[in-house]
Amino acid sequence: MKNYLYCYKMTWDTESAPNPHHGVLTLAICKPTIRRCSQVGDWISGWTAKVVHGKNEKRHSFEYPKLIYLARIQKKLTFAEYWLQYPEKKPHEIKGMKLYDSGDNIYRPLVANPNHNDYEQIDNNNHTEEDKIRDLSGKFVLICEEFYYYGVDNAIDIEKEVFNVTVPRCKKLVLDDYDRFIRFVKNDKRVIIKGKI
């Protein structure tokens, strides 16, 4: 089976989509097509759009795309499986302020074998009920134990000799053609948060 590298531009990086915390990078909200269509063994790379909104409402501007993160998919879970297996990824209230951390595990199953409509969105700072249909249309949560996260504050330039691709809104590339890019990121010392592998 052929594996792919998915590239997409990010307009938000609040550490919720993706969520690089607790030793594993997860993609549970946003990017429903990638979550639905990707396979175990595929890689995902998030790049800066012209404007990216970061944490604390900080706004970043970029002349051309820089790399925010790279991650390899180890597992695809249903939202019900994710709810049970990763409780640490649920949003936690910050000091009684009705503000929450960047947890992305925000869909609680209401029945034993939930379908698309059998989830309740719990309190969080990132998505509202208006986002629910789009989020759940992705069907799966991507679990990445091997990942390299820079974040929008430390996004890096990738030289054309390493990655000579114009990143549109979303692109799917045959992975075999991008070994050099993967190796470069794996060996880069500027990575802020790394996975277990």
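Applying 0.36 nm per residue to the separation of ARG108 and LYS55 and subtracting their alpha-carbon distance, the gain on full extension is 16.6 nm. Seen from ALA112, the other residues with C-beta closer than 15 Å to its C-beta sum to a net charge of -2, counting Lys and Arg as +1 and Asp and Glu as -1. To put it simply, the accessible area of the chain at a 1.4 Å probe is 48 percent carbon and sulfur. Subtracting the Cα-Cα distance of ASP179 and PHE62 from their residue separation scaled by 0.36 nm leaves 39.5 nm. Put simply, the amide H of TYR4, placed in the peptide plane, has neighbours under 5 Å in ASP42, TRP43, LEU175, leaving out anything fewer than 5 places away on its chain.
For segment 93-197, the convex hull spanned by the alpha carbon atoms encloses 186 Å³ per residue. Cα convex hull, the chain: 122 Å³ per residue, rounded to a whole number. Surface exposure of segment 60-142, expressed per residue as accessible area with a 1.4 Å probe, stands at 55 Å².
The values are calculated or read from the model by the stated rules, or taken from the named source; none is laboratory data. In this text the structure is predicted, and so the values were computed from the model without any measurement. Cβ atoms come from the backbone with ideal geometry, glycine included; neighbour counts cover every protein chain shown. These accessible areas exclude ligands, DNA and RNA; they are computed on the full protein's heavy atoms, side chains included. Shrake-Rupley method; radii C 1.70, N 1.55, O 1.52, S 1.80 Å.
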